[in-house]
Amino acid sequence: MSLRLRLALTYSILMVVTIAVLGVTILATAAQSLGAEMDRRLEIRAEQVRLTILPRGIVLTPSDLAYLDLRPLSSLDAPGIFVQVMDPSGAVVAASETLNGQHISVDSASFQAALNGRSDLAENYDFGGRPIRILTVPIRSNGATGSVIGVMVVGQSRQPLFDLIENLRTLLIVLGAAAVAVSGVVGWFVALQGLSPLKAFAHQATQIAAGRDFSQRLRPATNSDEVGELARTINHLLLTVEETLRMHREFVADTSHELRNPLLALRTNLELLDRLPDPRERAECILEARHQVERLSRLVGDLLVLARAEAGLVIERTPVRLKELLARVVREAQQRANGQRLLLEVAEPLQVLGDEGRLAQVVTNLLDNALKFTPAGGTITVRLDRSGEMACITVSDTGEGIPPAHLPHIWKRFYRVQKAGPRGSSGAGLGLAIVKYLVEAHGGQVSVESEYGKGSTFTILLPLEGKPVAPSPLSPAMAETPAVVESARV
């Protein structure tokens, strides 16, 4: 069943329920109001009858009831009004001509109430198959006073009321059916008009998916209703898909490019091993092959971290003593130094909750980055200090620095400025992207300050142990894959 038909049916069903509830309420209210009005008029009519047939100023006895003259009732001009007079024994002693010789049966409780001086209203369905409303009124010996000498029964046909209610019910059914039909037709056209843009969106989306051309956009509705909002949302989704596919293609191209160079060098060195007879030259080929294997290992490791990052890498949180961690990482980096001087300054031993191996990788990446672009004789300083409720780790160098135009982009994957460092640009441009992700995954922040030609300072802020941590599942740097540009940083 189409959505358009479901909406039209929903409108119709709601209209049916509404009209049914309204109709039942109207009928019940009308029946109650009209019935109450009929009872009130019946009481007035009974008083008129009593004043008409009972002589004034005369004290009556029960035997006088048989001689009451009911002929004046015709002057009341009351069709459908029936009157009969009964003595205390229940025998009918007088009746109006409208009864045509019939008698109105009176409930014993109502008759006894009248003998006790109380009027009583009751319903009677035994009067020739016609429903009548009867009022039993006591007849007293001296007008409104004196003892009860008989009972006057005044009845009025309920058929006009029932006919009126029946006519009202028919009218409500007819009007309700017309309203349901109109609401169904109107609902159909409203749904048709409201859903036609969605049908157009579905057609356009099908064409975009079939052609895999995610650069196309839906033609949004000009109004600002939910349909227009849906079109804008789908267009934003298409933009995201387009960007994701572009980043994926660039990532695959960049990764292929980075893997191709060391593989080509390995292949060349292996082919040279078969051709070079000199053991020294063969040893150089093997050494170069080992260097390329190490480069491939680092690249594959970095790519694995990136893949885990995009899959939502879970950071294990255990107490980490930053002083011991930094001392170990600086000690290892000193072995890779080429004339640079490494210093460790600890203003205060601090402890955080995090993954010790990942934090060591962060500092190692920054130190490798500094070693690569700091000339021999330069200084690299690692400092640990407190900044409010955060542990602050800074890695400063006296190297060549980063050109200002490249500072906003250094956190992106495979981003490298064209100027190479003193030992050449051997990195793949993944180190700083990994640094940013791992720091943010620990609930921290990383930033850089650099002056071209004078050096750079990288600052890491990590929440201290016991402080709230709100890690970012995926940093903007990890979500972007820019075009490959040679970089001075890892």
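Note on segment 334-391: Rg/Rh from C-alpha atoms, Kirkwood Rh, equals 1.02. Go ahead and run the numbers for FRET between Gln204 and Arg232, Cβ-Cβ distance against an R0 of 22 Å, rounding to 0.05. Approximately 0.95, to the nearest 0.05.
Accessible surface of Arg40, taken over heavy atoms with a 1.4 Å probe and every protein chain present, rounds to 110 Å². All distinct Cα pairs of segment 157-228 go into the 1/r average, and the inverse of that average, the Kirkwood radius, is 16.6 Å.
Could you tell me what a quarter of the Cα convex hull surface of segment 273-384 works out to, in nm² with one decimal place? Spell out each step's value before the answer.
Working: hull surface 39.5 nm².
Projected over every direction and averaged, the Cα hull of segment 273-384 covers 9.9 nm².
Counting protein heavy atoms only, segment 263-384 has 52 percent of its accessible area on carbon and sulfur, 1.4 angstrom probe.
Per residue, how big is the convex hull of segment 168-293 when only Cα atoms are used? Give it in Å³. Working shown, then result.
Working: hull volume 21.0 nm³, N = 126.
In segment 168-293, the Cα convex hull volume per residue is 167 Å³.
Descending by average beta-carbon neighbour count within 10 Å, the peptides 277-288, 104-115 line up as 104-115, 277-288, the highest first. In terms of Cα atoms, the Rg and Dmax of segment 357-419 work out to 13.3, 39 Å. Once you reduce segment 171-188 and segment 1-52 to the center of their Cα atoms, the two points are 18 Å from each other.
The values are calculated or read from the model by the stated rules, or taken from the named source; none is laboratory data. From a predicted model like this one, the values you see are computed outputs, not experimental measurements. Quick reminder, even Gly has a Cβ in these numbers, built from the backbone with ideal geometry, and neighbours come from all protein chains shown. Accessible surface areas use protein heavy atoms only, side chains included; no ligands, DNA or RNA. Shrake-Rupley method; radii C 1.70, N 1.55, O 1.52, S 1.80 Å.
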